[in-house]
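Colleague: Handing you a structure now.
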C-alpha cells in the first residue's frame, strides 16, 4: 500500500507546510522541503494542491542562484473566514476573523425592530461580501432554542453555533487563565436571566445552567432587598453546592456586588464542604466581556476546523 497517498498522512503533511508558512515568510518549495523534512516531490504535489484550494498563494519569485529564480509561497489567511456575533439587548456586535483567528473587520448595529431579522440580514450580507465566510458563532442574552439556529443556518447557508453569555465566557475564561488539560473550571455570573453558571472541562464549556431551571434545587431569590439571615444562607449554600458537585480546579465569580460582599462566607462554606481536601482557587474577575469574546472566537474557529475536515 502506498502510504504517501494516505488521506490522513496527506493532511498531516499539509498541516506541516501550512504551519511553516503561517509564520509569514514566503518560501520556495525547496525551502519548504528542507524545513519540514518532507521529500521535494511530495512538497511540490502538496503545494500545488494547497494553491488550488487557495490555502496558500504564490507571492513572487526569488533568486535560486546561477541566474535562476524560483516561485515563493505564503499562507493565505483569507482563504476562509468566520464571524462572531454578540447580541446584548438591542445591540448586535460582530467581528470577522480570518483563518488564523485575526480580526479582519468588525462593527456594531443598533437593532431598531426585530432582532432575529437583523441577525439574518447581517449573515446574508456578510456571506455575499465575504465569499470565504464558512460559519458563525452567536452569543445571546436569552435562552436560544434549536429553531433559531436552524433558521439562521438555512437563511445564510453557514454552519453555526449559538450559546449563552456564560457558555462562551466560561470557555474564554479557561483560555485566558491557561487552564491545563484535564483541569476544570466553574464560573458564575449575572445576566438578564438571573444567575447562571457554566462548567469547563478539557478547554470546552459544557451546557450552562440557569438557576431558575434547577427545579429540584432552585436558587433562593437573589434580587430581594435586605434578605433575612436564613434566606441569605440558603443563597450562599446553593452556590457552594454547585461548586462541590462540579469539583473544579478554579472557581470564577464575575464581578457583582453579591459575590464581592459575600466572598468570605462562600469561601468558608467551601472549606467546610471540602473538609481536609484543598479548596479550589477562587477568582473574582472583571474580565467578563473579554472572556466572552475569547470564547466566541474559539468556538467559531473550532467550527472552521470542522469545516476544513469535511473538505478533505
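Colleague: Hey, any hits in the stretch 228-247 for a residue that's modelled with pLDDT of 90 or more, in contact with a strand residue (DSSP E or B) (Cβ under 8 Å, 6 or more places away or on another chain) and surrounded by fewer than 16 Cβ atoms within 10 Å (Cβ to Cβ)?
Modeller: Yes, the conditions are met somewhere in the stretch 228-247.
Colleague: Among 220, 257, which is outside the structural domain of residue 144 (by TED's automatic domain parsing), within 30 Å of residue 144 (Cβ to Cβ) and at pLDDT 85 or above?
Modeller: 257
Colleague: Next question. Could you list, in sequence order, all residues of the stretch 21-67 that are part of a helix (DSSP H, G or I) and closer than 20 Å to residue 81 by Cα?
Modeller: 21, 49, 50, 51, 52
Colleague: Just one of the numbered conditions (1) surrounded by 11 or more Cβ atoms within 10 Å (Cβ to Cβ); (2) closer than 16 Å to residue 163 by Cβ is not true of residue 118; which one?
Modeller: (2)
Colleague: Here is a follow-up. Could you list all residues from the stretch 92-112 that are surrounded by 13 or more Cβ atoms within 10 Å (Cβ to Cβ) and either in a strand (DSSP E or B) or outside the structural domain of residue 137 (by TED's automatic domain parsing) (or both)?
Modeller: Correct list: 92, 93, 94, 95, 96, 97, 98, 104, 105, 109.
Colleague: Considering the stretch 115-139 alone, what residues qualify as being in contact with a helix residue (DSSP H, G or I) (Cβ under 9 Å, 6 or more places away or on another chain) and without any contact (Cβ under 8 Å) to a residue 12 or more places away in the chain?
Modeller: Passing the criteria: only 121.
Colleague: Still on this structure, please answer the following. What are the residues in the stretch 68-91 that are closer than 19 Å to residue 26 by Cα and in a loop (DSSP other than H, G, I, E, B), if any?
Modeller: Selection gives 76 alone.
Colleague: Run down 20, 43, 82 and say which single residue is surrounded by 15 or more Cβ atoms within 10 Å (Cβ to Cβ), touching a residue at least 12 places away in the same chain (Cβ under 8 Å) and under 30 Å from residue 157 (Cβ atoms).
Modeller: That would be 82, the only listed residue that is surrounded by 15 or more Cβ atoms within 10 Å (Cβ to Cβ), touching a residue at least 12 places away in the same chain (Cβ under 8 Å) and under 30 Å from residue 157 (Cβ atoms).
Colleague: Now for a different question. Yes or no: residue 51 crowded, with 17+ Cβ neighbours inside 10 Å, in contact with a strand residue (DSSP E or B) (Cβ under 8 Å, 6 or more places away or on another chain) and either touching a residue at least 12 places away in the same chain (Cβ under 8 Å) or more than 28 Å from residue 301 (Cβ to Cβ) (or both)?
Modeller: Spelling it out, it is not the case that residue 51 is crowded, with 17+ Cβ neighbours inside 10 Å, in contact with a strand residue (DSSP E or B) (Cβ under 8 Å, 6 or more places away or on another chain) and either touching a residue at least 12 places away in the same chain (Cβ under 8 Å) or more than 28 Å from residue 301 (Cβ to Cβ) (or both).
Colleague: Of (1) over 30 Å from residue 122 (Cα atoms); (2) modelled with pLDDT under 85; (3) surrounded by 17 or more Cβ atoms within 10 Å (Cβ to Cβ), residue 25 satisfies all except one. Which?
Modeller: (3)
For (1) farther than 22 Å from residue 147 by Cβ; (2) buried (at least 22 other Cβ atoms within 10 Å of the Cβ); (3) under 16 Å from the mean Cα position of the chain (by Cα), each residue gets a yes or a no:
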{"site": "166", "(1), (2), (3)": "no, yes, yes"}
{"site": "172", "(1), (2), (3)": "yes, yes, yes"}
{"site": "175", "(1), (2), (3)": "yes, no, yes"}
{"site": "179", "(1), (2), (3)": "yes, no, yes"}
{"site": "184", "(1), (2), (3)": "yes, no, no"}
{"site": "189", "(1), (2), (3)": "yes, yes, no"}
{"site": "198", "(1), (2), (3)": "yes, yes, yes"}
{"site": "201", "(1), (2), (3)": "yes, no, yes"}
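Colleague: Shifting gears a bit: With respect to residue 68, determine if the residue is under 21 Å from residue 99 (Cβ atoms), modelled with pLDDT of 80 or more and loosely packed, with under 12 Cβ neighbours inside 10 Å.
Modeller: So residue 68 does not fit the description; no.
Colleague: Yes or no: residue 161 in contact with a helix residue (DSSP H, G or I) (Cβ under 8 Å, 6 or more places away or on another chain) and modelled with pLDDT under 95?
Modeller: Considered against the rule, which asks whether it is in contact with a helix residue (DSSP H, G or I) (Cβ under 8 Å, 6 or more places away or on another chain) and modelled with pLDDT under 95, residue 161 comes out as yes.
Colleague: Going through 303, 290 one at a time, which residue ends up being out of contact with any helix residue (DSSP H, G or I) (no Cβ under 9 Å at 6 or more places or on another chain) and surrounded by 14 or more Cβ atoms within 10 Å (Cβ to Cβ)?
Modeller: 303
Colleague: Criterion first (in contact with a strand residue (DSSP E or B) (Cβ under 7 Å, 6 or more places away or on another chain), under 24 Å from residue 93 (Cα atoms) and without any contact (Cβ under 8 Å) to a residue 60 or more places away in the chain) does residue 285 satisfy it?
Modeller: No.
The values are calculated or read from the model by the stated rules, or taken from the named source; none is laboratory data. From a predicted model like this one, the values you see are computed outputs, not experimental measurements. We place every Cβ from the backbone using ideal geometry, glycine too, and count neighbours over all the protein chains shown.
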